[in-house]
Structures are given as C-alpha cells and as structure tokens.
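Okay, structure first, notes after.
Since every read-out is calculated from the coordinates, none of them should be taken as a lab result. Just so you know, these numbers come straight off a predicted model, no measurement behind them. Note that each Cβ is placed from the backbone with ideal geometry, even for glycine, and that neighbours are counted across all protein chains shown.
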Amino acid sequence: MKTRIETDSLGQVEIPQEKYWGAQTQRSLTNFKIGNTLMPKEIIQMLAIVKKAAAYTNCALENLSEEKRDRIAQVCNEIIDGKLWEHFPLVVWQTGSGTQTNMNLNEVISNRVEILKGGSLNKPTRFVSPNDDVNKSQSTNDVFPTAMRMAAYTILTDKTIPALENLKSAFNKKEKEFKNIVKIGRTHLMDATPIGLGSEFSAFVSQLDFGIKALKNTLQHLCLLPIGGTAVGTGLNAPKGYDTLCVEFINQFTNKKFIPAKNKYESIASQDALVETSGALKQIAVSLTKIANDVRLLASGPRCGLGEINLPQNEPGSSIMPGKVNPTQCEAVTMVCAQIIGNDTTITVAGMQGHLQLNAFMPVIAHNIITSAHLLADVCNSFQENCVKGITPNFEKTEENLQNSLMLVTALNPHIGYQNAAKIAQYAFKHNVTIEEAAVKLQLATSRQIREWINPKKMI
C-alpha cells in the first residue's frame, strides 16, 4: 500500500496515499480500535452543513476569501450528497467530545480541495487549512453538539414523527371501523365488563397522540444550536454576530428553523435537550410495547386463545408446525422498543457526564439517539403497513367470549346487590351453567329479569 506523510502538532504520521483524511484521523484509527460502529452518516452530513455555513459566515464577516468559501462549500456539498463516505472511517468509540470526527471533516475537506484544484497531497501545505480555514471561528465543542441536534431534529421531523402520525391514523381508522362491535373487557388478564372493540383501539390512538405531542414538545429545546460558543461557551475567536448569521445559513441549507442558543454555556456543557428527546422516544416505546402486546393477545389462538381479531398472515410461523402463523410484526415492535429503552438508559447515563464546561460523552449520545429515531420510524411504518391496516374482527369469537363471561353479572348489582350477584357468578362457574340458569336456580331473579337487566350493548 502506497502511503504519504502528513504532520500535526505531535509530529509526522503515515497515511494511505488515496485517502483524504489527515494525521489526526489516522491517529484515531490507530488508537481507538474499538468495535466497528462508525460515526453515524447523519452526523457527518450535518457537520458538513455546519462547515459550509461557517465558510459562508466567515466570508460574509470578511474573515475568509470567497475562493476558499466556494472551495470548502464545493466539498461540503459532495459530503452532503452522500459522497466520499470511504474517507470517514472513525468509530463512535473515540474521544467523548467528537474532536477526531470534527478533524476528520476538516482534513478531508482540506485535502479534497487540494485535489479539486489540481494539486497533490504529497506536499506539506494546503490552499485551505484544516484548522485555520475549515475550522475557522469554531471548536469541536460547539460544532459537534450542533450537528447532533441538527441530525436528531431532522430525523424526527422528516421521518419519525410522520411515521408515528401514520400509525396513529391507521389505528384511528380501525377505531371507527370497529365502533359497533361489543366485546368482553379484561382486567388482570381476567374477564371484566364489556367494552367496545373500537373503544379498545381508541386507547391506542390516544397513547400515540400523547407520545407524538411529547416528542414534538422536545423540538423547541432541540432546535437551539450552540454554534458560536466555540470552546467553553464564551465565543472566543468567533467574530461578533457569527452565531446568528451561521444559523441563518444553516437554515438556508437545511430548510429548517434552527435558533441560536441564548445560553451557550448550557448547550455545550449539557446535553439535556437530547436526554429530553430520548425520554419522549422512551415514552412512545413504552406505549407501543403495550399496544403491540394487546394486539397479539387479542389475536391469540386462533382457536385456543382470545382470537377476537385476525392479523394478516404474512409468513409461516414455524419450521415444524404446519400452518402456524405468528404475530411477527408485534414481536418486532416490542424488540425495537426494548432497544429504544436501552438506548435511553445509555443516553441518560451519558447525559450525566457533563463535567464543568463540556459533556464528553457526545458520540455515544449521537449514536443512540439517531439509532432510536430511525428504528422507531421504521418499525412504525412496518407495523402500520404489515399488521394494523389488515386487522379484522372475529365476530363469532368475540360474541362467544362475550356471552360466556360471568362478569356480565356486574349489571345485576343495582337490582339485587353485589353479594347476590357474586353468588350467581360463583354458582355459574362451579356448575358450568349460564348466569340466567344460576340466577333462576338460586331464586335471585327470573329469566325475564336477567334478560332485561343484562344487555352488553347498554353496558359500554
């Protein structure tokens, strides 16, 4: 393998000839051979947007030439468009500030500019300097958390929230479709009083609605960018007005509405915005676990379980039992939710590690929040498309379960009292007879009265 020599503040480093990264990136590759989880592409893309916005800002404030601005922007556009990925090899498990990834961007941009200008990477100087030009008016400490917030905000607004809204709409459609179906309710997994199948699904709609609102509420904190705070929040080496103008360019390039953080000490030293966002994702994961479990319980059987709804038959469920079909989409949902809850624990612990003026756990926070946002969106889309929209009621099983339930005796309480109603239920269960038969046998009510007093449709 052909190599070249690049130099940083610690000395010379040997680098593969064809790679655009520089000395600091290579040192990270050497020193952090930990796992194979690369820094999320979304972070790389958002960092490129920040670098492009910084170049435009510095140029507007007369701190960078137009030629350098345009060259930096040209390479940033390539990165934003998904090119040059092979030049971003660093793993998540690196310095907790993300400095090495920031320098990876700076080095790649600098070296790529040199190639685009027709130059060579074998000479020591560059037209665009990684630190003095690409990183001008910046520190990793404000750039990296800015990219984190931008990435999370973008995924949530473009992908996660729309997927949740679509899933909520699918359940809402089923709520309306099932509004006239009366079934038995259950508490403690035991028979309870009747409920409408549509009402049961309305609870799912409401859970998702509250979760979506909680997630949207985090956006007002997440959209505050610390860019311009530089190393510790003071804005050292950044010209006056840099933060506001840089965010304006970021908004222009992303078509979003980010806002400069008023207190950059907070937005650099803590990652509470992402902890808050992760908490909302966890809330939704908890709700979805309940929803998915309820759906598969209602569909259990098909003959020896509850069997009150039918799920789409997407694939065979067993390698040994012919004809078996399993609630696979529900299982996928609950597995994803378990992962999101685990990710939230990691983010929570990482969020605690803001010591003095910097949180040094940012890469792991970025990795987990991005993973959670993507997984939640994907599983909502899958659940909606491959399960929820194809759910149908099992009228026969629903009616059978309803009529067999002894908890219909609850309707007798106002007429004969709780204790007498309990006697009827206990007798019916012990002797395997109907409520009506038990009531007549115990001489607590007539058949006509039982039929008049017990009407499941009037009990919901």
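What's the ranking of 292-300, 149-157 by average number of surrounding C-beta atoms within 10 Å, highest first? Don't skip to the answer; put the middle values down first.
Details: 292-300: 20.1, 149-157: 23.4.
Ranking the peptides 292-300, 149-157 by packing returns 149-157, 292-300.
Let me check against my output: what whole-number percent is the relative contact order of the stretch 405-459, with C-alpha pairs under 8 Å and at least 6 apart?
Taking the mean separation of contacting Cα pairs over the length of the stretch 405-459, I get 34 percent.
Grab the Cα-Cα distance for GLN426 and ARG303, subtract it from 0.36 nm times how many residues apart they are, and report the gain in nm with one decimal.
41.7 nm
Give the relative contact order (percent, whole number) for the chain; include only Cα pairs under 8 Å separated by 6+ residues. Intermediate results must be reported in sequence, preceding the final value.
Values: 739 pairs, mean separation 74.5, N = 460.
Here the relative contact order equals 16 percent.
Report the calculated FRET efficiency for VAL286 and ARG27 (r = Cβ-Cβ distance, R0 = 51 Å), to the nearest 0.05. Spell out each step's value before the answer.
Numbers: r = 42 Å, r/R0 = 0.83.
The calculated FRET efficiency here is 0.75.
Using a Förster radius of 30 Å, what is the FRET efficiency between ALA338 and GLU177 based on their Cβ-Cβ separation? Nearest 0.05, please.
0.50
Give the Debye-formula value of log10 I(q)/I(0) at each listed q (0.27 Å⁻¹), with one equal scatterer per alpha carbon of the stretch 241-312, two decimals each.
So the normalised log intensities work out to -1.09.
Kirkwood hydrodynamic radius of the stretch 18-170 from all distinct Cα pairs, in Å?
16.2 Å
How many Å³ per residue does the convex hull of the Cα positions in the chain occupy?
Per-residue hull volume (Cα only) is 185 Å³.
Less than 19 Å from a label point 7 Å out along the Cα-to-Cβ axis of LEU442: which backbone N atoms in the stretch 188-223 qualify, by residue?
Residues 191-194 fall inside that zone.
For the stretch 301-436, rounded, prolate or oblate, judged on the Cα gyration tensor with a ≥ b ≥ c (square roots of eigenvalues), a/c < 1.5 rounded, else prolate if a/b > b/c?
Cα axes put the stretch 301-436 in the oblate bin.
Quick check: the distance between the Cα centres of the stretch 1-50 and the stretch 121-156, to the nearest angstrom?
About 14 Å separates the Cα centre of the stretch 1-50 from the one of the stretch 121-156.
Using the count of nearby Cβ atoms within 10 Å as a rough guide to exposure, how do VAL349, VAL113 rank from fewest to most?
Neighbour counts put them in this order, fewest first: VAL349, VAL113.
Based on the alpha carbons, how large is the Rg to Rh ratio for the stretch 285-365 when Rh follows Kirkwood?
1.26
Using every alpha carbon pair in the stretch 405-459, what percent of pairs falls into each 5 Å bin from 0 up to the bin containing the largest distance?
Answer for the stretch 405-459: a P(r) of 4, 24, 38, 25, 8, 1 percent.
Going by how many other Cβ atoms sit within 10 Å of their own, how do ILE109, ILE460 line up, fewest first?
On the way: ILE109 32, ILE460 13.
Starting with the residue having the fewest Cβ neighbours, the order is ILE460, ILE109.
Can you give the helix-only mean residue ellipticity at 222 nm for the chain, where every DSSP H stretch with n ≥ 4 adds -39500 (n - 2.57) and the sum goes over all residues, rounded to the nearest 500 deg cm²/dmol?
Estimated from H runs of four or more residues: -18500 deg cm²/dmol.
So if each residue of separation counts as 0.36 nm, and I subtract the Cα-Cα distance between GLU396 and SER169, what length gain in nm does that give?
Result for the pair: 79.0 nm of gain on full extension.
Could I have the simple spin-label model distance between MET321 and THR434, label points 7 Å from Cα toward Cβ, reported in nm to one decimal?
For MET321 paired with THR434, the spin-label model returns 3.3 nm.
Please report how far the C-alpha centroid of the stretch 370-390 lies from that of the stretch 236-305, rounded to the nearest whole angstrom.
The distance from the Cα centre of the stretch 370-390 to that of the stretch 236-305 comes to 17 Å.
Please give, to one decimal in nm, the separation of the simple spin-label points placed at ASN455 and ASN386, each 7 Å out from Cα toward the Cβ.
4.5 nm
Mean shadow of the stretch 136-288, computed from the convex hull of its alpha carbons, in nm²?
Spelled out: convex hull of the Cα atoms, projected over all directions, averaged, 10.9 nm².
Run the quick spin-label model on LEU116 and ASP209: label points 7 Å from Cα toward the beta carbon, then report their separation in nm to one decimal.
5.0 nm
GluC sites (Glu not before Pro), restricted to the stretch 60-128: which are DSSP loop and have at most 15 other Cβ atoms within 10 Å?
Passing both the DSSP loop test and the Cβ count: GLU62.
Magnitude of the Cβ-charge dipole of the chain, K/R +1 and D/E -1, about the Cα centre, nearest 20 debye?
Dipole of the chain, to the nearest 20 debye: 700 debye.
ASN310's amide H: which non-local residues (gap 5+, or another chain) put their own amide H closer than 5 Å, with H modeled 1.01 Å from N in plane and none for Pro or chain starts?
THR392, ASN394
Just to verify a number: FRET efficiency for ASN314 and ASP132, C-beta to C-beta distance, R0 = 56 Å, to 0.05?
Working from the Cβ atoms, E equals 0.45.
Return a whole-number percent for the relative contact order of the stretch 361-460, with Cα pairs under 8 Å and 6 or more residues apart as the contact set.
It rounds to 19 percent for the stretch 361-460.
Can you put LEU402, LEU116 in order of Cβ neighbours within 10 angstrom, beginning with the fewest? Could you put the intermediate results ahead of the total?
Details: LEU402 19, LEU116 13.
In order of increasing Cβ crowding within 10 Å: LEU116, LEU402.
Towards the positive end of the charge dipole of the stretch 160-287, with charges on Cβ (+1 Lys, Arg; -1 Asp, Glu), say which of ALA231, ALA214, PHE201 has the farthest Cα.
Positive-most Cα among the choices belongs to PHE201.
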